[in-house]
1. Determine if segment A:235-252 includes at least one residue that is of a type in the set (A, V, I, L, M, F, W, C) and under 24 Å from A:G123 (Cβ atoms).
2. For segment B:93-111, which residues satisfy the criterion of being touching a strand residue (DSSP E or B) at 6+ places or on another chain (Cβ under 8 Å) and either facing chain A (nearest Cβ under 7 Å) or within 17 Å of B:M162 (Cβ to Cβ) (or both)?
3. Restricting to segment B:280-323, and then to whatever is among the hydroxyl-bearing types (S, T, Y) and without any contact (Cβ under 8 Å) to a residue 12 or more places away in the chain, can you tell me which residue is farthest from B:S336 (Cα to Cα)?
4. Out of curiosity, is B:A172 within 30 Å of A:L39 (Cβ to Cβ) and loosely packed, with under 14 Cβ neighbours inside 10 Å?
5. Sort out which residues of segment B:17-55 are within 9 Å of another protein chain (Cβ to nearest Cβ), touching a residue at least 12 places away in the same chain (Cβ under 8 Å), open to solvent by 40 Å² or more (accessible area, probe 1.4 Å) and closer than 20 Å to B:A169 by Cα, and write them in order of number.
6. Which pairs have Cβ atoms under 8 Å, sit 6 or more apart or on different chains, and link a residue in segment B:92-114 that is among the β-branched types (V, I, T) to one that is assigned to a loop (DSSP other than H, G, I, E, B) and open to solvent by 20 Å² or more (accessible area, probe 1.4 Å)?
7. Residues being within 20 Å of A:R95 (Cα to Cα) and surrounded by fewer than 24 Cβ atoms within 10 Å (Cβ to Cβ): count how many of those fall in segment A:169-182.
8. Scan B:E353, B:E300 and give me the residue that is modelled with pLDDT of 85 or more, in contact with a helix residue (DSSP H, G or I) (Cβ under 8 Å, 6 or more places away or on another chain) and surrounded by 14 or more Cβ atoms within 10 Å (Cβ to Cβ).
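The values are calculated or read from the model by the stated rules, or taken from the named source; none is laboratory data. Just so you know, these numbers come straight off a predicted model, no measurement behind them. All Cβ positions, even for glycine, are placed from backbone atoms using ideal geometry, and neighbour counts span all protein chains on display. We work out accessible area using only protein heavy atoms, side chains counted, and drop any ligands, DNA or RNA first. Shrake-Rupley method; radii C 1.70, N 1.55, O 1.52, S 1.80 Å.
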Amino acid sequence: MRQFHRQMSRVALCGLLGGCAVVSACGCRLSGAAKPIPLTTSGRPPAAKPEPPRDRVLQVAIAPVISPQETLFAYKDLVAFIGEAVRRPARVIQRRSYAETNEVLRRGVCDLAFVCSLAYVRGQEEFGMEPLVIPQVAGKTTYQCYIIVPARSPARKLTDLRGKSFAFVDPLSNSGWLAPVAMVRKLGRTPERFFSKTIYTYSHDNSIRAVATALVDGAAVDSLVYHYLARRTDGVSGTRILVSSEPFGIPPVVVPPGLNETLKAELRTAFLTMHQSERGRRILAELLIDRFLPRSATDYTSIRTRLEAEERS
Amino acid sequence: MNHGGGLPVTARLLNVGIRVKIVGIVLGTVLVVGLWVTAQTRRALRATLSRELEMKGLSLARDVAAQSTDLLLTDNVFALHRLLLDTCANNDEIQYVLVLNGQGAPVDHTLDQPPSLELLRANRPQRPALAHVSRLRTTAGWIRDVAAPILEGRAGTVRVGMSERRLNAQIAVTTRRALVATILAGLAGVALAALVTTVLVEPIRELIEVTRAVGRGDFTQTAPVRAQDEIGKLAADFNAMTASLLSSRQALEREKRARKHLLQKVITAQEDERKRVSRELHDQTSQTLTSLMVGLKVLESSCPADAAWEQVGNLRAELADALEEVHRLARELRPSALDDLGLPEALRRFIREFGDRFGIAVDFDCPEPAELPLSPEVETAVYRLVQEALTNVAKHARARTVSVLLKRRDASLLTIVEDDGRGFVVDEETTSPESDRCLGLFGMRERAALIGGRFHLESAPGEGTTVFVEAPLTEVPSGG
């Protein structure tokens, strides 16, 4: 019996040793790397690339006419081209609303900005925002407001949208707010009563998407943006234009008040001569822009008038 | 693995009992299979959980990347930070979330200290549109780090670190359960194997014990027949064999007892007959011859004729010889001294006569008769054995001297007859009854056995012969 116990304990020992070997082999496979990586550091981690001095960078503010991602995609080559023309690295500044973008201009944080016509009119009034150049698109220096509806919508005219939900873009957008409001007022209505519900999407492509996905029954968008996005397969699919407004002065390229005159002149030259180079033409073609023209080529009087009327009501 | 013993491991393994073998095999099999299954389960579980962790990490990183794009482009750091904190709060497997800008510098993170340079450089998307997973060994343990590009990397990168802690804990719990199951299965297996082997081995063990008992001569033991299986049949056959052996052994015993009884009878009858013939010779023949002798003496004294005188004288001498011969014959047949004076004296007389007759010097040494309490049968037997031994010496040994030694040893009488003759080869044949030449030796052995004594012979060619006879004393005198 004692021998039995001894044999049994030997058998058990062998089994346990075997088991331990298996387990430790599994364990060994997991370890074996070098030094573990510390997650944090007590000091400040060095930036990957030292930022160039603030005044040597061309800061370009772009109002959220289209959503930030689309903006970056659309403007990156143009911004880079202008930066190279003035021999400065260019950096894009984006903000959530037109008002915030105007604020960037007011404080002179940027050197150059792409804004909406209405934002320009307001900026010019409020702090002397200065137009630099204007784009010419399809031979014109004007653009329109499109009232769009879902492709399957039974609406045939603007009054069909009565009692429906509607999307505005931004309170500082001409085509996305002022123009449709004026169109509704022309019908003798106030937007608050005409539409059952209104929302702000803070960019034109968002408004188009809101209509395409039937989140709202209608929206007012920039004709330039609409055509720009229409080139994409799914850019404006699921929507159709219900009505279009009369033409307005095209949104300008602006500079903050008090910008260095030399830089201002260099920038202006860069824009105005852009269509003369092959690369410039290609970039402009991507944006559906023919060329840039001096600021005097269009006027914003109709917008100014409407704004005043709206402010009065 | 040779634990001190001289046997190799295989031989040692083969030598252990069936019970140990079966229990060992079962336990070993259960342990090996259990550990293998545990290892496989661990591996499969680790693979599955790792894949899940990676998928979750990828999904989270892509989600954060999609949600943080606009926030990053519009510099909305607060909303970005809240996004990261919410993401962390909703998933306890997240060790950290980092958002790096297009240049790889950290924009925001959920760590309590700034992220280390090693961590920042540890992983990045391999292609602009594809997230990449790296397994990092960090100070907080193993981490699956997912790097998802934001806006194809132009806006930056989201890094989500998925800790393997919960994965390891799950694996540990599963492993523990599997090991406990293995141990329980092992215990159950051992119990079952022990039960099975008890059922199998117990009858065999009983059979072994019975076999040993039968080997010792105990035929009363029988092997229990519990079932009509192979072992049961073996036990039944074994019992039948034992019964057969017992009956043949009993028959043998009976025969042996009868033979012994017969032999006893023969010897007693022989002694009685010798005694009768001896007494006849002594009482009748010897008296007749003595009367004749007396008659011849009278005739001699009364007969004047010289020739007749001489004739009578011759007759008387011849008669004296005959008388002497009759006396010797009577003594040899049954020495009256044995009955009258005891063994030592009877032997002394016989030896003296033997020496005189064959011209061989015989030494004789014997204790006092009082020290040798012997039964008449034993006295007769020892006398006859010495007589036979000396007769053999006279016939075959060509010895010059013989010594006869009687001495007491414990509760027996030891008789040694030693000669310096030519000796012979002692082998099986010389002491078996089939050999005519040695029938005498066999008879000596039988005679010794009849009185409960022992006979032993030592001899070699040229070395002489020694006969040992050990005979029991009737009683043990007190005080040695």
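1. Looking only at segment A:235-252, we keep the residues that are of a type in the set (A, V, I, L, M, F, W, C), and these are A:236, A:241-243, A:248, A:250.
Still in the list and also under 24 Å from A:G123 (Cβ atoms): A:248, A:250.
Yes, that holds for at least one residue.
2. The first filter runs over segment B:93-111 and keeps only residues touching a strand residue (DSSP E or B) at 6+ places or on another chain (Cβ under 8 Å), leaving B:93-102, B:104, B:106-111.
B:E93, B:I94, B:Q95, B:Y96, B:V97, B:L98, B:V99, B:G104, B:P106, B:H109, B:T110, B:L111 - these are the residues of segment B:93-111 that are touching a strand residue (DSSP E or B) at 6+ places or on another chain (Cβ under 8 Å) and either facing chain A (nearest Cβ under 7 Å) or within 17 Å of B:M162 (Cβ to Cβ) (or both).
3. B:S302
4. So B:A172 fits the description; yes.
5. Correct list: B:R42 only.
6. From residues that are among the β-branched types (V, I, T), the pairs are B:I94/B:T110; B:V97/B:T110; B:V107/B:N101.
7. Filtering segment A:169-182 for residues within 20 Å of A:R95 (Cα to Cα) gives A:169-177.
From what's left, surrounded by fewer than 24 Cβ atoms within 10 Å (Cβ to Cβ): A:171, A:177.
Residues meeting the conditions: 2.
8. On the way: B:E300 fails: modelled with pLDDT of 85 or more.
B:E353 is the lone residue from the list that is modelled with pLDDT of 85 or more, in contact with a helix residue (DSSP H, G or I) (Cβ under 8 Å, 6 or more places away or on another chain) and surrounded by 14 or more Cβ atoms within 10 Å (Cβ to Cβ).
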